[in-house]
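Here's the structure, in structure tokens; my notes come after.
The values are calculated or read from the model by the stated rules, or taken from the named source; none is laboratory data. Predicted model, so just to flag it, every value in this text is computed and none were measured. Glycine also receives a Cβ, built like all others from the backbone with ideal geometry; neighbour counts cover every protein chain displayed. The area values use the complete protein model at the heavy-atom level, side chains included, leaving out ligands, DNA and RNA. Shrake-Rupley method; radii C 1.70, N 1.55, O 1.52, S 1.80 Å.
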Amino acid sequence: MELTATNLSRRYLRQGKGKNFFFAVQKTDLTLEPGKLIQISGRSGSGKSTLLNMLAGLLEPTTGQVLLDGQDMYALSDGARSELRNRCIGVIPQGQTGLHSLTVLENVKLPSQMYGREPCTDEFAEALLDQVGIAELKDVYPNELSGGEMRRLAIARALVMTPGILLADEPTGDLDDENTQTVLKLLRASAESGKAVLLVTHEKEAAAYADRVYTMREGVLTLEA
């Protein structure tokens, strides 16, 4: 499964005296290929997360297209795009996410229950939790988790539909060195298994796991030599 962005940009209106615009993401071309891990680094506010959200079908671009195996995601209705994203794209969002009324295991299984599907088995969800090192926490609730544990819950949940595309926005932000390495190895293994993986990160050591490394500055994406 391949994700291709062509001429992609996102423009915002400034409020105040003399209204004008600024581009969070300048016109960008990017292809995420099966079996490859692409890294994007850059300072906060450089446009990395905006680009990832457009690639995920979460934020409509000002210009350009996002093609998932040739299908223009933004030509679809909101509902059809959401269903396509649920089935094909795993998103590891920045920050801590999880429904507090559900256990860790139930949170991981949730994407598999959407759109009238049969949920995945407990065994499969527990295996994902084991991969990220929190299998023993399957029956607790998100408000009992640390920030790092919440981040690992989000990673397991993003993998539950076995998506062809995996988009990770600062997935190691709350993790110690050992768990950072665990997550980076898991993302590398996901690419080796045939997924197209995008990693947005500040972690300098992540470059050792990437096939290509880009830097983003003021909305401009540049391939590192």
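Quick one: would you say GLU224 is on the phi < 0 side of the Ramachandran plot, open to solvent by less than 70 Å² (accessible area, probe 1.4 Å) and in contact with a strand residue (DSSP E or B) (Cβ under 9 Å, 6 or more places away or on another chain)? Considered against the rule, which asks whether it is on the phi < 0 side of the Ramachandran plot, open to solvent by less than 70 Å² (accessible area, probe 1.4 Å) and in contact with a strand residue (DSSP E or B) (Cβ under 9 Å, 6 or more places away or on another chain), GLU224 comes out as no. Every listed requirement among (1) in a strand (DSSP E or B); (2) modelled with pLDDT under 95; (3) of a type in the set (Gly, Ala, Ser) is met by ALA154 save one, (1).
The test for being surrounded by fewer than 16 Cβ atoms within 10 Å (Cβ to Cβ) and either over 13 Å from the mean Cα position of the chain (by Cα) or under 29 Å from LYS185 (Cβ atoms) (or both) holds for GLN15. Going by the structure shown, is THR182 at negative phi and buried (at least 24 other Cβ atoms within 10 Å of the Cβ)? Answer is no for this residue. Looking at region 167-174, can you tell me whether even one residue there is of a type in the set (A, V, I, L, M, F, W, C), in a helix (DSSP H, G or I) and at negative phi? Looking for residues that are of a type in the set (A, V, I, L, M, F, W, C), in a helix (DSSP H, G or I) and at negative phi, one finds none in region 167-174, hence no. Within region 18-40, the set of residues being among the polar types (S, T, N, Q) and open to solvent by less than 30 Å² (accessible area, probe 1.4 Å) comprises THR28, GLN39. Among the numbered conditions (1) within 18 Å of the chain's Cα centre (by Cα); (2) outside any loop (DSSP other than H, G, I, E, B), the only one that LEU105 does not meet is (1).
Of all the residues in region 111-136, those that are open to solvent by 30 Å² or more (accessible area, probe 1.4 Å) and either in contact (Cβ under 8 Å) with a residue 24 or more places away in the chain or aromatic (Phe, Trp, Tyr) (or both) number 5. None of THR28, THR63, THR97, THR50 is in contact with a helix residue (DSSP H, G or I) (Cβ under 8 Å, 6 or more places away or on another chain) and modelled with pLDDT of 95 or more except THR28.
So is THR162 modelled with pLDDT under 90, polar (S, T, N, Q) and either surrounded by fewer than 19 Cβ atoms within 10 Å (Cβ to Cβ) or over 15 Å from the mean Cα position of the chain (by Cα) (or both) or not? Here the answer is no, as THR162 does not meet what is asked.
Close Cβ contacts (under 6 Å, 6 or more residues apart or on different chains) running from residues in region 200-217 that are assigned to a helix (DSSP H, G or I) to residues that are charged (D, E, K, R) comprise TYR209/ARG188.
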